[in-house]
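First the structure, in the form of structure tokens, and then the observations on it.
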Protein chains: 4
Amino acid sequence: MIKVSIIGATGYTGRELVRILHFHPEVKIDSLTAKIDEECLISDVFPSFKGVIDFKCSPFDKEIVKNSELIFLAVPHGVSMKLVKQFLDDKKKVIDLSADYRLNDVNDYEKWYNMKHLYPDILKDAVYGLPEFKRQEIKNSNLIANPGCFPTGILLALLPIMSQDIVSLNKRIIIDSKTGASGAGRRGTLGLNFCEVDNNIKAYKINRHQHIIEIIQQIEELSSLYLKNLIFVPHIASFERGILNTIYVPLSNMVSLDKIREYYLKHYARSEFVKIFDSAENIAIKDVANTNKCHIGLSIDEETSSLIIVSAVDNLLKGAAGQAVQNMNIMYGLDEGLGLVR
Amino acid sequence: MIKVSIIGATGYTGRELVRILHFHPEVKIDSLTAKIDEECLISDVFPSFKGVIDFKCSPFDKEIVKNSELIFLAVPHGVSMKLVKQFLDDKKKVIDLSADYRLNDVNDYEKWYNMKHLYPDILKDAVYGLPEFKRQEIKNSNLIANPGCFPTGILLALLPIMSQDIVSLNKRIIIDSKTGASGAGRRGTLGLNFCEVDNNIKAYKINRHQHIIEIIQQIEELSSLYLKNLIFVPHIASFERGILNTIYVPLSNMVSLDKIREYYLKHYARSEFVKIFDSAENIAIKDVANTNKCHIGLSIDEETSSLIIVSAVDNLLKGAAGQAVQNMNIMYGLDEGLGLVR
Amino acid sequence: MIKVSIIGATGYTGRELVRILHFHPEVKIDSLTAKIDEECLISDVFPSFKGVIDFKCSPFDKEIVKNSELIFLAVPHGVSMKLVKQFLDDKKKVIDLSADYRLNDVNDYEKWYNMKHLYPDILKDAVYGLPEFKRQEIKNSNLIANPGCFPTGILLALLPIMSQDIVSLNKRIIIDSKTGASGAGRRGTLGLNFCEVDNNIKAYKINRHQHIIEIIQQIEELSSLYLKNLIFVPHIASFERGILNTIYVPLSNMVSLDKIREYYLKHYARSEFVKIFDSAENIAIKDVANTNKCHIGLSIDEETSSLIIVSAVDNLLKGAAGQAVQNMNIMYGLDEGLGLVR
Amino acid sequence: MIKVSIIGATGYTGRELVRILHFHPEVKIDSLTAKIDEECLISDVFPSFKGVIDFKCSPFDKEIVKNSELIFLAVPHGVSMKLVKQFLDDKKKVIDLSADYRLNDVNDYEKWYNMKHLYPDILKDAVYGLPEFKRQEIKNSNLIANPGCFPTGILLALLPIMSQDIVSLNKRIIIDSKTGASGAGRRGTLGLNFCEVDNNIKAYKINRHQHIIEIIQQIEELSSLYLKNLIFVPHIASFERGILNTIYVPLSNMVSLDKIREYYLKHYARSEFVKIFDSAENIAIKDVANTNKCHIGLSIDEETSSLIIVSAVDNLLKGAAGQAVQNMNIMYGLDEGLGLVR
């Protein structure tokens, strides 16, 4: 049994981690901590756990996690930064769900997160935990930087096509994303008040969302392309969980949809959580909510030589906690999908 | 033109007051104030007003409202208490949407609101602003205590039957209410986060909601009954605005539904905002949302000799801002429904 | 491995049955049938199953299910009636999710369902499948009549107290229930259109819902009481799944809340899916959605000597498919919760 | 008073027409008709009208509307086609909310609507009723083809920039639209069931939605451009009313955002229902719902030389019934906004 601790157990991502790991057949939860004033039961925070997962949750203290061999960090960026260093020094494995170790280039981090990075040396040891593209590296790493919720669904949708010589890189790739409110975290702010979110949709952080750099970096790394001309516009919509990405890719060579679909099917042949659909129509967040799956649909617009890709993930699962556990499974040589909902 | 000020213009009730009064043909908005750090445009707070109602909104200051003859107070209880006194001293008319002057008995106030009342003398001058039962008093008053959102729909449903000698007062009257999230105010707290409210419903303040005493007091005053055996359980549900009350009334004498409906039709013959339906089924908050109306449906269960009443109001309009303007219309001898949505 | 067939696989309840049984470690799905024109893949009906559960689904034919030892019937009442008879004749076990075999008295069935019952003799062989009260009978039966969605949450809330000599039976027990839209089935009718249901709530079938008789019958059978004075008012609210019941029980002897809670804790000590909470406040459908659990909270109103119980279930799981599988587990001597979400 | 009839009064658009026209100070509703089996009260169809708008609604018959001088047609395309001809022959004015007379080219109509057009001659007499661009033509016409819901918000967002020589026409203009469920009409189909729409979003009719041709035609007509390279992807999202369009326009000459905003402000200086915002962020359907307004926000992405426009309208008002009344006001020389919500 793998002894794990979850730091940040009282957020929405923390809640999903607790639930998945509690029922995981190869895991024992050793401790839960969070930014709270005093010890409580996690089932007092989340009544859905009452009588099922009645573990205590404590304010963070190094002592509490000392017996864990693997730490899940579900805390804000900046907070993870130092904790990761400590845990690695203590010879623990770490899966960090924050952005602190996702970027290869420290300058990118400091520009997009507006914060000095204290341990740039560790960046090179961190593996970007997108299992469908990095299984081998994940297996051999002690530090997984778990991808952001937007990048997960966007990269899974874009990567299989990017290295093919059919994308027109001097035209714009446009990513129009729609996320549910849980992406903004478990907290009380006016902007997240039910009356503000319900029956509404709006764009935010137009081309200035910090996940852009993560997307660009991974595409460039995995496809050896130099990517410019990317537009990313996220929207917050009136649903609780899930992200739908509508992606408009300009093609340089007109290739048949069948051929393109083949790239995807081939690439994801071993990836049980990624499903390829015949059309981009009707890909729906409802169909992936509460699962670790990513649905991807492909359509072509011949008049404009465009590939239109729609992808959907549950932001809290494949976009966060589920993917983290998928990474753990790989690190420990377990079945990749163990404990996860298909 | 009536010159008015709105204190507390940045809440949900304040927003409705601003909108209604701006388009009211007999009103001129003189000033808007709110608990804010510095002056702003009300259209910056509510983008829906942009280019339509671009008035400035200021931190409260006595000077700002000095030219207004009528003040709408949409601030928390306790805050209203002193302001009302000031405005009355300055010979202004006041419509107070807080609870501070709704109760006849200062002891009730202090018990239910857990706060000392500084001006118990003024209580007797205040008129409880339920137009369908107090038109004459409202007309002659300078201080209207605007009813709470729950009491409005509940009293309109119960009052016509209470003074009839057919209700069994030694059995329990049960009021099961369902309110939308806007009733909790325009603010950021975890409990109002979209992810907590959406796709959910739950009871709160079971028989300890402060509106109970307001309901009891009005029933006792208007029907000359002594009322005990009232159970009131509010629920918060996943809609933005509206309250649905399902009320179970034990009958002592079995009277036909037709006869009972007659009491209601007769009582509300002159009240254009109250509509009586043939059955308690299908009374829906959707049908009263964004209007100043109250829908009331009546059904009888013969086996248990019970009258089942369902009433619906928009909590921000008939339950707050709309009713406040209805009261203003009466105070000034205008058509009762002027400027209000039927 | 238990070989099962699901009749009615394309409804919401059918979908949940397929999902649970596919992942159940002791079950092999042998066939899926539904009222469809021609064979299809169940993953074409439910894209969430794509690549995971790609079984074919066929129009019903007796031949198709001949190799199954256990049949789940998720079809409308009236349709089940004859199929159950056939399957029992063929020596199969049956779990019927319709109402056809739930009532002991054929007259009650014909009155409430307005339909002649063709096999009244079978009624006495059917066991009402509420595991928390009928484990032994379920174990020994070949025909389980799976309880309705409303009765499940209501009976679990009421039964522990009913046989205690503290309920005042000559006063009214009032049940005010709120159900999500999935209770009305997977179909297209104007009343279920998103625009009609969203941001709305309304009462329907006031004291004429067919589940009343099922509730009365079970209470009378299990508590040996004669029950009159029951009022049941269901509401349809704007959420997808879940039922919240607010139940007002008149007490004859004032007993402490602690004492009452003890009855419940004792009764459900062995029942891992029923959780008892300290208060009726904050019992929320969100906390039981997507699980097989029932949450029950208890509050007392001393002034009116009333017990206020709030219970919550997921109507598609504990109120239908989950409970059906729980019954199957018991019939086959498996762990009662195998394959079910806690 | 203008005597009007509404054909198709029982749809969502019909309902809005009835409401607006009933309260319009210069209109008298002469008759309501719909595709119904027998005469009823419109307030039986829409309980929100009970006691307020209790007009009868009849199956369509030519006699019923004979005294009306203006006819609003809120019926499906194909049905309008013949009725318009009849009414024009009878010397009535017509505002047709269907698509039958929106297109200049009969071939376009037959291709996109897959239906033969019976009266191509009338097409040239019809004026496309987008008041902000066609006031003069509307004033002098007897037949207004009221724009579709998507085209309204998209054209208002695009037209001011298109004739400026700064848009790169050989690159793709991408329109990613999100509509609420009411756009699909007041009807019962599985796809519109609350359980399918709630907490969901998905793309449909990718680049094959019939509104594309309407958008292209108007841009070409009003800007004298030849437009290719347009991609239009509508999504259906979980809100009742409203459309948000996110539009990505490639710029050929980099012009400052201030300069671009000026084009819009200048163009809409006389148009009280169109509001221009400083940024495309935070344009929200909630802010235009239940009004006749269109909100437009503008942002620039310098790296890709793109203008990002977000526009929002209420699909039932500015996108249908509200705009129809705005057109009526212009036809009759009334204040353009009379009877409409700002």
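The values are calculated or read from the model by the stated rules, or taken from the named source; none is laboratory data. Predicted, not measured: the structure shown is a model, and the values here were computed from it. Methodologically, a virtual Cβ is constructed for each residue, glycine included, from the backbone with ideal geometry; neighbour enumeration extends over all protein chains shown. Heavy atoms of the whole protein, side chains included, go into the accessibility calculation; ligands, DNA and RNA do not. Shrake-Rupley method; radii C 1.70, N 1.55, O 1.52, S 1.80 Å.
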Given the criteria aliphatic (A, V, I, L, M), out of contact with any Phe, Trp or Tyr (no Cβ under 9 Å at 6 or more places or on another chain) and not in a loop (DSSP other than H, G, I, E, B), does B:Ile247 qualify? yes
Qualifying strands (runs of 3 or more DSSP E) (wholly inside segment A:1-89; at least 1 residues being open to solvent by less than 40 Å² (accessible area, probe 1.4 Å) and under 23 Å from A:Ala126 (Cβ atoms)): A:2-7, A:27-34, A:70-73
Kindly list, by first and then second residue, each pair from a residue in segment A:301-316 that is more than 24 Å from A:Ser182 (Cβ to Cβ) to a residue that is among the basic types (Lys, Arg) and open to solvent by 10 Å² or more (accessible area, probe 1.4 Å), limited to pairs with Cβ atoms under 6 Å and residues at least 6 apart or on different chains. A:Thr304/D:Arg172
Among residues belonging to segment A:221-234 that are more than 17 Å from the chain's Cα centre (by Cα) and part of a strand (DSSP E or B), point out the one that is farthest from A:Tyr204 (Cα to Cα). A:Leu230
Kindly indicate whether A:Ile215 is in a strand (DSSP E or B) and within 20 Å of A:Pro151 (Cα to Cα). no
Of the residues that sit in segment B:254-264 and are more than 21 Å from the chain's Cα centre (by Cα) and open to solvent by less than 30 Å² (accessible area, probe 1.4 Å), which one is nearest to B:Pro160 (Cα to Cα)? B:Ile260
Under the condition of being in a strand (DSSP E or B) and facing another protein chain (nearest Cβ under 9 Å), which residue from segment C:301-313 is nearest to the chain's Cα centre (by Cα)? C:Ala312
Please find, within segment D:90-100, the residue that is surrounded by the fewest Cβ atoms within 10 Å (Cβ to Cβ) out of those that are touching a residue at least 60 places away in the same chain (Cβ under 8 Å) and within 12 Å of D:Asn142 (Cα to Cα). D:Lys93
If you scan segment B:212-229, which residues turn out to be farther than 19 Å from B:Glu132 by Cα and modelled with pLDDT of 95 or more? B:Ile212, B:Ile213
Does segment B:326-339 contain any residue that is open to solvent by 20 Å² or more (accessible area, probe 1.4 Å), touching a Phe, Trp or Tyr at 6+ places or on another chain (Cβ under 7 Å), farther than 18 Å from B:Pro160 by Cβ and modelled with pLDDT of 95 or more? yes
Mind listing whichever residues of segment B:279-300 are assigned to a loop (DSSP other than H, G, I, E, B) and either of a type in the set (Phe, Trp, Tyr) or out of contact with any strand residue (DSSP E or B) (no Cβ under 7 Å at 6 or more places or on another chain) (or both)? B:Ala289, B:Asn290, B:Thr291, B:Asn292
Given the residues D:Glu38, D:Glu16, which is the only one that is under 29 Å from B:Ile285 (Cα atoms) and within 14 Å of chain B (Cβ to nearest Cβ)? D:Glu16
For segment B:101-123, give me the residue count where each residue is open to solvent by 40 Å² or more (accessible area, probe 1.4 Å), assigned to a loop (DSSP other than H, G, I, E, B) and of a type outside the set (D, E, K, R). 5
Residue check, C:His24 against (1) of a type outside the set (Ser, Thr, Tyr); (2) in contact (Cβ under 8 Å) with a residue 24 or more places away in the chain; (3) in contact with a Lys or Arg (Cβ under 8 Å, 6 or more places away or on another chain), all met but one. Which one? (3)
Within segment C:224-252, restricting attention to residues that are more than 11 Å from chain B (Cβ to nearest Cβ) and out of contact with any strand residue (DSSP E or B) (no Cβ under 9 Å at 6 or more places or on another chain), which residue is least open to solvent (accessible area, probe 1.4 Å)? C:Ser224
Given the structure, is B:Ile53 in contact with a strand residue (DSSP E or B) (Cβ under 9 Å, 6 or more places away or on another chain) and farther than 18 Å from B:Asn146 by Cβ? yes
Members of segment B:265-291 found to be closer than 22 Å to C:Val197 by Cβ, surrounded by fewer than 23 Cβ atoms within 10 Å (Cβ to Cβ) and more than 8 Å from chain D (Cβ to nearest Cβ), listed by number: B:Ser279, B:Glu281
Reported set for segment B:300-319 where residues are open to solvent by 10 Å² or more (accessible area, probe 1.4 Å) and over 30 Å from B:Asp258 (Cβ atoms) is B:Leu317
